[in-house]
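Single-structure report; data block below.
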Number of protein chains: 2
Amino acid sequence: MTRGQVVRPPVPSRRVTSVREAGAEDWPGIWQVLEPTIRAGETYTYPRDLDEAGARTAWTGEPGVRVLVAVEGAAVVGTARYLPNHPGAGSHVANASFVVAPWAAGRGLGRLLGEEVLARARADGFVAMQFNAVVETNVRAVRLWESLGFTVLATVPRAFDHPRHGLVGLLVMHREL
Amino acid sequence: MTRGQVVRPPVPSRRVTSVREAGAEDWPGIWQVLEPTIRAGETYTYPRDLDEAGARTAWTGEPGVRVLVAVEGAAVVGTARYLPNHPGAGSHVANASFVVAPWAAGRGLGRLLGEEVLARARADGFVAMQFNAVVETNVRAVRLWESLGFTVLATVPRAFDHPRHGLVGLLVMHREL
């Protein structure tokens, strides 16, 4: 290093995160994101030992589901899905699910996906969105959804068997679109 | 008729209704019971044009479901099903559905099926039962479930598109077992 030269720390690489509809080719990346959350068993009711094929059916296989990915370059860092919460006479209300990769947590990807899903669901003609099973100990998620306009309609008592906390409540949350 | 003979009205034939687990051979009878309710579209979120195969999958095809029939002689007059409301960490809470044949309504079959499902779900180890979507205009059902110990945890506003009443609420109801 030449004396007198000003040394600057490297500029942090600016992550560019985009959200787009997922294609079949995104499944391996989605599975990498989903698997740690399924195995932890603290925030979703998927069986903790659900295999990859079962997870693919559950996340992408239901009638009317649309799946999104948050990507940074070629890497999937989060995923979301939305679909009618009920068929038939209940199909104007959407349901949605969100998972962010553990290695990408804490920097706003849940909010980014949430805002995108709300906008897309509204554009698709849904008039409200309902979550059926937000684990009450998942405080970060509850706060996020409240900040995005959801209210807690009910807590179903002792409806979730948390691996560390035992039986805890599941929140039904809702907002109009 | 001989003069002096005492004529009595015929004794009403006493209907003997029993509830048992359904077998594959009961499907035609179950479908006869379900179809009018599905076509009416006033109490369930099944698509009103759901065909028989779709109804069979929906009523009998979900993982862990147990299907009951109320029968009088060879005739199916009602049906019920119960299953885990969620998989995995939510699978200790049951969900259930009930349909009574229109031609057998008003004589206690809903209550009979309800009591039987509660007893069987309890025996199977479920610790609570949750209904996700009781149509609020289905007052007879709401009263029945309240009389069987359920409480309304929430009304999801405007979540059901009723063919006569427009957008009405869906009740989340719950009781411990």
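Might you check whether a residue that is touching a residue at least 40 places away in the same chain (Cβ under 8 Å) and facing chain B (nearest Cβ under 7 Å) occurs anywhere in region A:133-141? Yes.
For region B:93-114, the condition of being modelled with pLDDT of 95 or more and of a type in the set (D, E, K, R) holds for at least one residue.
Scan region A:37-59 for residues that are open to solvent by 20 Å² or more (accessible area, probe 1.4 Å) and within 13 Å of the chain's Cα centre (by Cα) and the total you get is 3. Taking the conditions (1) open to solvent by 40 Å² or more (accessible area, probe 1.4 Å); (2) more than 16 Å from A:LEU34 (Cβ to Cβ); (3) more than 13 Å from the chain's Cα centre (by Cα) in turn, A:GLY90 satisfies each one other than (1).
Annotation: of all residues in region B:60-81 being charged (D, E, K, R) and open to solvent by less than 40 Å² (accessible area, probe 1.4 Å), the one that is modelled with the highest pLDDT is B:ARG81.
Got a sec? Which of B:VAL117, B:VAL168, B:VAL172 is open to solvent by less than 10 Å² (accessible area, probe 1.4 Å) and either at pLDDT below 95 or closer than 17 Å to A:ASN85 by Cα (or both)? When all the criteria are applied, what remains is B:VAL172.
Among the residues of region B:120-129, those that are open to solvent by 10 Å² or more (accessible area, probe 1.4 Å) and within 14 Å of chain A (Cβ to nearest Cβ) comprise B:GLY125, B:PHE126, B:VAL127. The set of residues from region A:142-177 being basic (Lys, Arg), within 14 Å of chain B (Cβ to nearest Cβ) and without any contact (Cβ under 8 Å) to a residue 12 or more places away in the chain comprises just one member, A:ARG158. Got at least one residue in region A:105-115 being free of Cβ contacts under 8 Å to residues at least 40 places away in the same chain and farther than 19 Å from A:VAL33 by Cβ? Looking through region A:105-115, none of the residues is free of Cβ contacts under 8 Å to residues at least 40 places away in the same chain and farther than 19 Å from A:VAL33 by Cβ.
Checking each residue in region A:93-119 for being over 12 Å from the mean Cα position of the chain (by Cα) and within 12 Å of chain B (Cβ to nearest Cβ) picks out A:VAL93, A:ALA94. Determine, yes or no, whether B:ARG158 is open to solvent by 50 Å² or more (accessible area, probe 1.4 Å) and in a helix (DSSP H, G or I). Taking the combined requirement at face value, the residue does not satisfy it.
The values are calculated or read from the model by the stated rules, or taken from the named source; none is laboratory data. Every value quoted in this text rests on a predicted model; they were computed, and no experiment measured them. Here Cβ is always computed from backbone atoms with ideal geometry, including for glycine, and neighbour counts include all displayed protein chains. The accessibility values were calculated without ligands, DNA or RNA, using every heavy atom of the protein model including side chains. Shrake-Rupley method; radii C 1.70, N 1.55, O 1.52, S 1.80 Å.
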